[in-house]
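The values are calculated or read from the model by the stated rules, or taken from the named source; none is laboratory data. All values derive from a computational prediction rather than experimental measurement. Here the Cβ positions follow ideal geometry from the backbone for every residue, glycine too, while neighbour counts run over all protein chains shown. These area figures cover heavy atoms from the full protein model, side chains too; ligands, DNA and RNA do not enter into them. Shrake-Rupley method; radii C 1.70, N 1.55, O 1.52, S 1.80 Å.
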Amino acid sequence: MERMRQTLTSFWKPALAILVAIVISAVVLTVAGYDAWKAFEALWNATFRNLKSFGNTLNKASPLLFTGVAVAVSFRCNVFNIGTEGQFLMGAIAATCVGIVGKGLPGIVLVILMFLAGAAAGAAWGFLPGWLKARHGVSEVITTIMFNYIAMQFLGYLVRGPLRDTSQAEPQSFPIADQGFLHYIISGTRLHIGFFLGSILAIVMYLWLFRTYYGYEVRSVGFNATAARCGGVNVKRTMVQAMLMSGAIAGLGGAIELAGNAHYLFENLSPGYGYTAIAVSILASNNPIGVIFSALLFGFLNAGSTAMQRAADVSASFVNIFQGIVIVFVALAAISKKHSKGRAAKGGA
């Protein structure tokens, strides 16, 4: 019951932040001379007008869901994994390689191998920053950002070199085998199982974090590493394990995006999913179940930004402003909660 109460409490503040952001955004649009109602109506219609639009929103949310859960897991351990972008790309690269060389395999076998390869590549890409953090105290923020750029350049090398499909004008890899494609669930839409797999994974990770001993270790290290060490928790091992799991989830997201939408590698495969995932996780208070809803929100905004530009002549970049306003208010809510706890602790003392 207490856990349920805390979960509901962690949801209402982000929801309030979203409502405040909507009001402030409407005021900003009106002052700037735009029709705010028309802009938000276009945003809504682009997402919920029909099944095809809604399926597009779920597809936009799918990579954000995986990378958002990945960030939430590491942040719960107080390990700031800024490298989900690179882990996502490495997962897509590994899945592509398996999808190209495994053309003779049955579809279900090939898809499973692609998913496993993506998760393994993402975990491997998260291991070294986690080990450096645990073993030598090297800032994981710096190392994970550096690994992002390495992954981006490695992908560029592959699509311009060893994996390049020279029959195409733009640099891209050979496509994966047809049986490696994720089938569309509803005819006429591009909706595949990615978002639903991500939702199941988010629920599993929530249960793992809050209902198992290993999840307790992760959270205890995140709350206070010194106290956790005194309580018998192997802090260094837990940090590395959190990074391995975080990287594996992000890598799996890359593999699913490759199998569900892209079907081949290209340089702009990710428009920054790993970085947006930080905002997605913060909005959800690093709660994996909350990430489902915040990923939907960001997917909704991304899917409707172009429609808003067409209908109300509002720049698509306004969506980024809206996202920023949401994050600012969520951060303010978190700060006020921390201060109120501090005052309560002093009062109790």
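A compact table of results
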| item | result |
| --- | --- |
| Theoretical ellipticity at 222 nm over the chain - DSSP helices of four or more residues, -39500 (n - 2.57) apiece, nearest 500 | -26000 deg cm²/dmol |
| Local electrostatic count, Ser74, Cβ distance below 11 Å [Lys/Arg +1, Asp/Glu -1] | +1 |
| Solvent-accessible area, 1.4 Å probe, carbon plus sulfur percent, for the chain | 66 |
| Fraction in percent of alpha-carbon pairs per bin - 10 Å, the stretch 140-226 | 13, 18, 29, 26, 12, 2 |
| Karplus-derived HN-Hα couplings along the stretch 288-302 (A = 6.51, B = -1.76, C = 1.60, θ = phi - 60°), whole Hz, x at Gly and Pro | x, 5, x, 4, 4, 6, 5, 5, 4, 4, 5, x, 4, 5, 5 |
| Residues whose placed amide H lies under 5 Å from that of Gln172, excluding near-sequence neighbours | Asp165 |
| Number of Lys pairs (Cα under 30 Å; 8 or more positions apart or on different chains) in the stretch 30-146 | 4 |
| Net charge of neighbours whose Cβ lies under 14 Å from the Cβ of Asn59, counting Lys and Arg as +1 and Asp and Glu as -1 | +2 |
| Largest to smallest accessible area among Thr212, Thr67 [probe 1.4 Å] | Thr212, Thr67 |
| Cα centroid of the stretch 91-158 to Cα centroid of the stretch 11-62, whole Å | 34 |
| Mean accessible surface per residue for the stretch 1-127, computed with a 1.4 Å probe while every protein chain stays in place, in Å² | 44 |
| Karplus (6.51, -1.76, 1.60) ³J(HN,Hα), θ = phi - 60°, over the stretch 219-229, in Hz, Gly and Pro reported as x | 5, 5, 5, x, 6, 7, 5, 5, 5, 4, 5 |
